[in-house]
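Colleague: Take a look at this one; I'll ask things after.
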Amino acid sequence: MAIKVLIVDDEENFVELLAERLEARGFQVRTALNGSDAVSIIAAEDVDVVLLDVMMPGKDGITTLKEIKSVKPLTEVIMLTGHGTVETGIAGMKLGAYDYLLKPTEIERLQQKLNEAHKRKEDHENRIRQAEVDRIVTAKGW
Amino acid sequence: MKETLFMGRITATVTHEIKNVLAIIRESGGLMEDFLNMVEGDNFKYKDRFHKIISNIEDQVVRGDAISTLLNRFAHSPDADVASENVPDLLDQMIVLSARLAKAKEIVFKSDKDSGVILISSDPIRIRMLIFQAMDVLMNYCKPGQTILVNSKVNDSKLITLEFSVDSKTQVLQEFEQIILSDQWKDLISTVESLDSKAFINPENGTLRLELRSNDNR
């Protein structure tokens, strides 16, 4: 099944171009031009990995990240930073982001990070499912 | 200081914006390449030429990205009064950012890539200015076509040495003797003294040497 990616960046051209390139590589892509729209999409839809620009007008990357994690804690987030905002990328990782990438990013590297982030989400979901099964088995005394 | 902070902040913001521009150019070139790769066989006469053009675009994005990154670091130099930095990195930064000036004079600066990490704690603006002043004086007194090798090392007493050495030394003796009399050299001496460091010029072996003291070793 295709990995569902949400690209969040206020640079409309960048978002459109990157979405097309990722779709050509088999990803299912949604886009948002600001943090508020991104959080709404994540609350309403199933998103595996968010590619989140840290420097956006209005709701910034860190605030958006916190809201994403509060709405869907298992959704993985990759912070997209300029060189001057690497600290924000690292701060994002401390708040639960999977990793950060520097702009302009090579598509192969981005693709690899998206796959890795998705793998982490899948592993996490599987562990939760297993824990649920174990809990039920223990409770029922099977 | 407020003025340099202002200049630095604006420059750093612009380099961030340049990164966005480069990202769009990279993705545009990349998308063109994606489409081109969908063309099978010889159905498109200009396929190879387009690949070459797209490759040129990518090369320029990489070049612009490197310059923009170093300019961003340069712009952040006024952020602290004293900072601990790697001397070979500072050198590379100033060589890349001064490349256009050096090119205009047909002078090439090459840094020693095997210097390892040499940390210096100093005024981030003054140290950059000093390195640039040394390069600038050499650009003015060396001949077009000359290469200047820059070697950085640290001795047991933690004295850091930056040595600029002209490749074809026989041609520079006379010019080097003039350096000491120049206003540029006086400006350089003023900067080096403000850093509690020293500068030497040796016309006989065509070298300019900076002996730098780290703030934590004074």
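The values are calculated or read from the model by the stated rules, or taken from the named source; none is laboratory data. Only a predicted model underlies this, so the values are computations on that prediction, with no experimental measurement involved. Every residue, glycine as well, gets a Cβ built from its backbone with ideal geometry; the counts of neighbours run over all protein chains shown. Note: accessible area is taken over every heavy atom of the protein model, side chains too, but ligands, DNA and RNA are not part of it. Shrake-Rupley method; radii C 1.70, N 1.55, O 1.52, S 1.80 Å.
Colleague: Please give the per residue accessible area of chain B, computed with a probe of 1.4 Å over protein heavy atoms only, in Å².
Modeller: Normalised by residue count, the accessible surface of chain B is 56 Å².
Colleague: Grab the DSSP H runs of chain B that are 4 residues or longer, score each as -39,500 (n - 2.57), total them, divide by all residues and round the 222 nm result to the nearest 500 deg cm²/dmol.
Modeller: So the helix-based figure for chain B works out to -18500 deg cm²/dmol.
Colleague: Distance in nm between label sites at B:His51 and B:Val14, each 7 Å beyond Cα in the beta-carbon direction?
Modeller: Taking the two extended label points, one gets 3.9 nm.
Colleague: Another question, if that's okay. Take each uninterrupted DSSP H stretch in chain B, measure its Cα extent along the helix axis, and return the ones at 24 Å or beyond whose mean Kyte-Doolittle hydropathy is at least 1.0.
Modeller: None pass (Cα extent of 24 Å or more, hydropathy at least 1.0).
Colleague: For segment A:79-142, what is the accessible area per residue in Å² when the probe is 1.4 Å? Display every interim value, and only then the final one.
Modeller: Numbers: 3820 Å² over 64 residues.
Roughly 60 Å² per residue, with all protein chains present.
Colleague: For chain A, set up a GNM with springs between Cα atoms under 10 Å and report which of A:Asn34, A:Asn115, A:Asn126 has the largest fluctuation.
Modeller: A:Asn126
Colleague: Treating segment B:1-147 as a set of equal point scatterers at the Cα positions, no solvent, please give the Debye-formula log₁₀ I(q)/I(0) at q = 0.09, 0.14, 0.18 Å⁻¹.
Modeller: Those come out to -0.43, -0.83, -1.09, one per q.
Colleague: May I pose another question? Taking beta carbons within 10 Å but only from partner chains, what does the mean come to for residues B:12-19?
Modeller: For this peptide, the per-residue mean of nearby foreign Cβ atoms is 4.
Colleague: So for the protein assembly as shown, taking the charge dipole from beta-carbon charges (+1 Lys/Arg, -1 Asp/Glu), which of B:Ile54, B:Leu31, B:Phe6 sits furthest toward the positive end?
Modeller: Going by the charge dipole, the pick is B:Phe6.
Colleague: Work from the charge dipole of the protein assembly as shown (Cβ charges, +1 for Lys and Arg, -1 for Asp and Glu, about the Cα centre) and give the residue of B:Asn86, A:Asn13, A:Leu114 farthest towards its positive end.
Modeller: With unit charges placed on the Cβ atoms, the residue in question is B:Asn86.
Colleague: For Cα pairs less than 8 Å apart in space and 6+ apart in sequence, what is the mean separation divided by the residue count of segment B:2-78, i.e. the relative contact order in percent?
Modeller: Rounded, it is 62 percent for segment B:2-78.
Colleague: Report the residues of segment B:84-122 in range of a label on B:Ser157: point 7 Å along Cα→C-beta, backbone N strictly under 19 Å from it.
Modeller: From segment B:84-122, the list is B:119-121.
Colleague: Residues of B:24-36, mean number of Cβ from any other protein chain within 10 Å of their own Cβ, rounded to a whole number?
Modeller: 5
Colleague: A follow-up question, please. Which of the trypsin sites (Lys or Arg not before Pro) across segment B:16-45 are loop residues per DSSP, with 11 or fewer other Cβ within 10 Å?
Modeller: Values: sites: B:Lys19, B:Arg26, B:Lys45; in loops: B:Lys45.
Loop-located and lightly packed - B:Lys45.
Colleague: For B:Lys110 and B:Ala80 in the same chain, what is the full-extension length gain: residue separation times 0.36 nm, less their Cα-Cα distance, in nm?
Modeller: 8.0 nm
Colleague: Based on the alpha-carbon gyration tensor of segment A:1-120 and its eigenvalue square roots a ≥ b ≥ c, which shape applies: rounded if a/c is under 1.5, prolate if not and a/b is larger than b/c, or oblate?
Modeller: On the way: a/c = 1.24, a/b = 1.12, b/c = 1.11.
Rounded, because the longest to shortest axis ratio a/c is under 1.5.
Colleague: 5 Å is the cut-off here: which amide hydrogens, built 1.01 Å from N in the peptide plane, fall below it relative to B:Lys110, excluding neighbours closer than 5 in sequence?
Modeller: HN-HN under 5 Å from B:Lys110: B:Ile148, B:Leu149, B:Val150.
Colleague: Which residue, chosen from A:Ile136, A:Val86, A:Val71, occupies the Cα position most advanced towards the positive end of the dipole of chain A, where the dipole is computed from +1 (Lys, Arg) and -1 (Asp, Glu) charges on Cβ about the Cα centre?
Modeller: Working it through, the farthest residue towards the positive pole turns out to be A:Ile136.
Colleague: Return a whole-number percent for the relative contact order of chain B, with Cα pairs under 8 Å and 6 or more residues apart as the contact set.
Modeller: Working: 292 pairs, mean separation 36.8, N = 218.
It comes to 17 percent, rounded to a whole number.
Colleague: In deg cm²/dmol, rounded to 500, what helix-only [θ] at 222 nm does chain A give when every DSSP H run of at least 4 residues adds -39500 (n - 2.57) and the total is split over its residues?
Modeller: After summing the helix terms and dividing by residue count, I get -18000 deg cm²/dmol.
Colleague: If you place +1 on the Cβ of every Lys and Arg, -1 on the Cβ of every Asp and Glu, and leave all else neutral, what size is the dipole of chain A about its Cα centre, to the nearest 20 Debye?
Modeller: Computed about the Cα centre, the dipole is about 680 debye.
Colleague: Still on this structure, I have one more. Taking the Cα centre of segment B:82-213 as origin, sum charge times position over the Cβ atoms of Lys and Arg (+1) and Asp and Glu (-1), and report the length of that vector in debye to the nearest 20.
Modeller: Details: 15 positive and 19 negative charges, 44 e Å.
In debye, rounded to 20, segment B:82-213 gives about 220.
Colleague: Taking the Cα centre of segment B:119-161 as origin, sum charge times position over the Cβ atoms of Lys and Arg (+1) and Asp and Glu (-1), and report the length of that vector in debye to the nearest 20.
Modeller: Here segment B:119-161 has a charge dipole of around 40 debye.
Colleague: Provide the gained length on full extension for the span A:Gln28 to A:Asn115, in nm with one decimal, where the gain is 0.36 nm per separating residue minus the Cα-Cα distance.
Modeller: Details: separation 87, 0.36 × 87 = 31.32 nm, distance 1.25 nm.
My answer for the length gained is 30.1 nm.
Colleague: At 1.4 Å probe size, with no ligands or nucleic acids counted, give the accessible surface of B:His76 in Å², nearest ten.
Modeller: Spelled out: B:His76, probe radius 1.4 Å, area about 70 Å².
Colleague: Still on this structure, I have one more. Suppose each label sits 7 Å from its Cα in the direction of the beta carbon; what would the B:Leu181-B:Asp42 distance come out to in nanometres?
Modeller: Once both label points are built, they end up 7.0 nm from each other.
Colleague: For A:Leu101, list long-range residues whose amide hydrogen, built 1.01 Å from N in the peptide plane, is under 5 Å from its own amide hydrogen.
Modeller: A:Met79, A:Leu80, A:Thr81
Colleague: According to a simple spin-label model (label point 7 Å from Cα along Cα-to-Cβ), what is the distance in nm between A:Val86 and A:Lys69?
Modeller: 2.2 nm
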